[in-house]
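Have a look at the structure below before the remarks.
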Amino acid sequence: MSADLCELGFLEAADALAKGETTSAELTAALLARSEQLEPALNALTWRDAEAVKAAATAADEARAAGDERPLLGVPIAIKDLLNVQGQPCTAGSNILKGYTAPYDATVIARLRAAGCVFVSRTNTDEFAMGGSTETSAYGTTRNPWDPERVPGGSSGGSAAAVAARLAPAALASDTGGSIRQPAAFCGVTGFKPTYGRVSRYGCTAFASSLDQVGPMARTVEDAAAVYQVIAGLDPHDSTTSPRPVGDCLADVRAAEDLKGVRLGLPKEYFAEGLDPEVERLTRAAVEQCRGLGAEIVDVDLPNSKYGIACYYILAPAEASANLARYDGVRYGFRAAAEELQEMYEKTRAQGFGAEVKRRVILGTYVLSSGFHDAYYLRAQKVRTLIRRDFDRAFEQCDAIVGPVTPTAAFKVGEKSADPLQMYLGDIFTVNVNLAGICGLSVPCGFTAGGLPAGLHVVGPAFEDARILTIAAAYQHATEWHRKQPKI
Amino acid sequence: MAMKFSENADRMDVRYVAGLARIALSDEEAAQLQGQLDDILAFVGELKALDVEGVEATDVAGEAQNAMREDEPRAGLSRETVLANAPLARHGQIAVPKVIE
């Protein structure tokens, strides 16, 4: 029974709990037992506490027995170790947050808690979400469930691996330049980055505030949509959240059957040099299947997309250098021993931050420094406008853009970690979505000859989140890729 | 007056900038970072090929605007909660190394 319980998706679990087929205590115990068994090989989780989870699950079961009918009561979800959950550690994959206990709930956590969800484990992340492989985490690299010699992607590699390996039916993650979509593609799960301003960032450890967005990872589009419906919407604690109503897209997502009347844009820039031929073949096959479902495929141009990585690697480090100034050893987290204050700051940050974070903070400090601000930062902000305009024009011709999520399938552990620039180039298809503040998701679209998953990228205009979920659901309902399981 | 990119001004003094960012670097780290950051700056320098004359800057891509609320006192975290996370606390305060001689 317990192996079957781990197979339940997010909404399936809700259904099984409502019907009394299982209990939250039983379900979470099964997930934790599976975690116990697989974690030595995977390292997808940074924290789990069987006693605390059992208490929360039992409380949910008791509430249900007393007549509580909240649909998500007792449903387990894993949380990226970047989101504050009151009373739990929140490391952001960094040694500098050692010893920190979250004193409050992030808004997305408070909403899931109010819905009755149980937080079953915390998932590994690149340090402060800076990376595409989880190799920069202070808690070690997570392994890809499809091939443990390979990375799960990043930064939300722990969430992706946990969902793929059935350690949790769904997970929360965050996406600043592709950190939900790229690991979703690498691990064969569904990952959704909502429109900027759709989901509150309050309590999400800040990396680059104009780009960060929290979103779900799950094994189906329905499950991702169900989590999204709970966490999205206006939040007085985050002034960038939109007052537009979120609406309820779950019925449309569930019913999605075909793509008749849908125009999908295919950017030729996304099929250029550097795209692995196998990933290209799988992406094109998925686009053809969309055509078979009734979609009209049109060519669109995103002429400035090639500048996205350069633009991103100025703006994101600049914002990070400001956001990470708070980690100084004074108020929380790690503090290095020192005789005087300046020395304490410098040693705390030298010992507390890993190499990638130092690299980006120094880069960000440089591009914002007097004399270079206009040449780098301001110029990149202007290029960001050009990238936004590209999408605005493209969306005049189509309802959504489709293409690859990543230029290659999952690479080997260590393959790119010595060359930061090579790692950055892997973000080519994802960063522009963040720069433009629009929505995007990755849905499984097949496997390479070597058995590694690939993802189809579906990108929509700002606040058309329901549209891309529905399009992706129509594709997913016609395919079986999301049902394949890693043999671990 | 916007500063122009020059062909050779893109090399940063890593030690100086790390000092601004309050990060102590070992000699080995500084040498490694210098090479990596030179590569990254050369790469991001490709933006100078673009004509951005007259283009407005995007700071936040969204519809964010000033969000006003009533200026009313609200409960924050309690002193005990805050101090529980402090690396060092004394007399109900966060303690730091001596600042004034």
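For the reader, a short list of remarks on this structure follows.
- Where A:Ala409 falls short, out of the listed (1) under 20 Å from A:Glu280 (Cβ atoms); (2) without any contact (Cβ under 8 Å) to a residue 24 or more places away in the chain; (3) surrounded by 16 or more Cβ atoms within 10 Å (Cβ to Cβ): (2)
- Residues being in contact with a Lys or Arg (Cβ under 8 Å, 6 or more places away or on another chain) and assigned to a helix (DSSP H, G or I) - total across segment A:294-313: 1
- Checked against (1) within 10 Å of chain A (Cβ to nearest Cβ); (2) exposed (fewer than 15 other Cβ atoms within 10 Å of the Cβ); (3) not in a helix (DSSP H, G or I), B:Ala42 passes all but a single condition, namely (3).
- Cross-chain or 6+ apart pairs with Cβ under 8 Å, segment A:91-103 first and facing chain B (nearest Cβ under 10 Å) and farther than 17 Å from A:Ser121 by Cα, then of a type in the set (Val, Ile, Thr) and not in a loop (DSSP other than H, G, I, E, B): A:Pro103/B:Thr81; A:Pro103/B:Val82
Residues are listed down the side, and each one gets a yes or a no for (1) of a type outside the set (Asp, Glu); (2) in contact (Cβ under 8 Å) with a residue 24 or more places away in the chain; (3) closer than 22 Å to A:Ala161 by Cα; (4) in contact with a helix residue (DSSP H, G or I) (Cβ under 8 Å, 6 or more places away or on another chain):
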{"site": "A:Ala394", "(1), (2), (3), (4)": "yes, yes, no, no"}
{"site": "A:Asp427", "(1), (2), (3), (4)": "no, yes, yes, yes"}
{"site": "A:Asn432", "(1), (2), (3), (4)": "yes, yes, no, yes"}
{"site": "A:Leu441", "(1), (2), (3), (4)": "yes, yes, yes, yes"}
{"site": "A:Cys445", "(1), (2), (3), (4)": "yes, yes, yes, yes"}
{"site": "A:Thr448", "(1), (2), (3), (4)": "yes, yes, yes, yes"}
{"site": "A:Gly455", "(1), (2), (3), (4)": "yes, yes, yes, yes"}
{"site": "A:Thr470", "(1), (2), (3), (4)": "yes, yes, no, yes"}
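- Some residue of segment A:202-216 being under 15 Å from A:Leu112 (Cβ atoms), touching a residue at least 60 places away in the same chain (Cβ under 8 Å) and among the hydrophobic types (A, V, I, L, M, F, W, C): yes
- Segment A:56-85: number of residues that are among the charged types (D, E, K, R), assigned to a loop (DSSP other than H, G, I, E, B) and over 21 Å from the mean Cα position of the chain (by Cα): 3
- Options A:Ala400, A:Ala355, A:Ala380, A:Ala336; residue that is free of Cβ contacts under 8 Å to residues at least 40 places away in the same chain and either out of contact with any His (no Cβ under 7 Å at 6 or more places or on another chain) or among the hydroxyl-bearing types (Ser, Thr, Tyr) (or both): A:Ala336
- Listed by position, the strands (runs of 3 or more DSSP E) inside segment A:103-217 whose residues that are more than 16 Å from A:Leu45 (Cα to Cα) number at least 3 are A:190-193.
- Residues considered: A:Asn304, A:Asn323. Of these, the only one that is surrounded by fewer than 19 Cβ atoms within 10 Å (Cβ to Cβ) and either more than 7 Å from every other protein chain (Cβ to nearest Cβ) or under 26 Å from the mean Cα position of the chain (by Cα) (or both) is A:Asn323.
- Whichever residue in segment A:207-234 is within 14 Å of chain B (Cβ to nearest Cβ), crowded, with 20+ Cβ neighbours inside 10 Å and over 25 Å from A:Ile471 (Cβ atoms) and, among such residues, is nearest to the chain's Cα centre (by Cα): A:Ala208
- In segment A:333-343, the residue that is nearest to the other protein chains (Cβ to nearest Cβ) out of those that are on the phi < 0 side of the Ramachandran plot and either small (Gly, Ala, Ser) or surrounded by 22 or more Cβ atoms within 10 Å (Cβ to Cβ) (or both) is A:Arg335.
- Only a single criterion out of (1) assigned to a helix (DSSP H, G or I); (2) of a type in the set (Lys, Arg); (3) within 11 Å of another protein chain (Cβ to nearest Cβ) is not satisfied by A:Arg291, namely (3).
- Residue satisfying condition, being of a type in the set (A, V, I, L, M) and more than 9 Å from chain A (Cβ to nearest Cβ), within set B:Ala67, B:Ala31, B:Ala61: B:Ala31
- Extreme residue, farthest from the chain's Cα centre (by Cα), among residues of segment B:15-33 that are of a type in the set (A, V, I, L, M, F, W, C) and more than 14 Å from A:Leu368 (Cα to Cα): B:Ala31
- Close pairs (6 angstrom Cβ cut-off, 6 or more residues apart or separate chains): under 10 Å from A:Val108 (Cβ atoms) in segment A:221-243, of a type in the set (Phe, Trp, Tyr) and not in a loop (DSSP other than H, G, I, E, B) anywhere: none
- Residues in segment B:38-55 that are over 9 Å from A:Ala310 (Cα atoms) and among the charged types (D, E, K, R): B:Asp38, B:Asp39, B:Lys48, B:Asp51, B:Glu53.
- Filtered residue count, segment A:104-139, keeping only those that are within 14 Å of chain B (Cβ to nearest Cβ) and surrounded by fewer than 24 Cβ atoms within 10 Å (Cβ to Cβ): 2
- Set A:Phe353, A:Phe372: member being among the hydrophobic types (A, V, I, L, M, F, W, C) and within 21 Å of A:Thr136 (Cβ to Cβ): A:Phe353
- Identity of the residue in segment B:45-58, of a type in the set (A, V, I, L, M) and either touching a strand residue (DSSP E or B) at 6+ places or on another chain (Cβ under 7 Å) or facing chain A (nearest Cβ under 8 Å) (or both), that ends up nearest to A:Tyr104 (Cα to Cα): B:Ala57
- Of all residues in segment A:387-422, those satisfying the criterion of being more than 11 Å from chain B (Cβ to nearest Cβ) and within 24 Å of B:Gln34 (Cα to Cα) are A:Gly414, A:Glu415, A:Lys416, A:Ser417.
- Long-range neighbours under 6 Å by Cβ, at least six apart or interchain, first residue more than 23 Å from A:Ala478 (Cβ to Cβ) within segment A:257-274, second assigned to a helix (DSSP H, G or I): A:Glu269/A:Ser305
No lab work stands behind these numbers, since they all come straight from the coordinates. Worth saying up front: this structure is predicted, and the values here are computed from it rather than measured. Here Cβ is always computed from backbone atoms with ideal geometry, including for glycine, and neighbour counts include all displayed protein chains.
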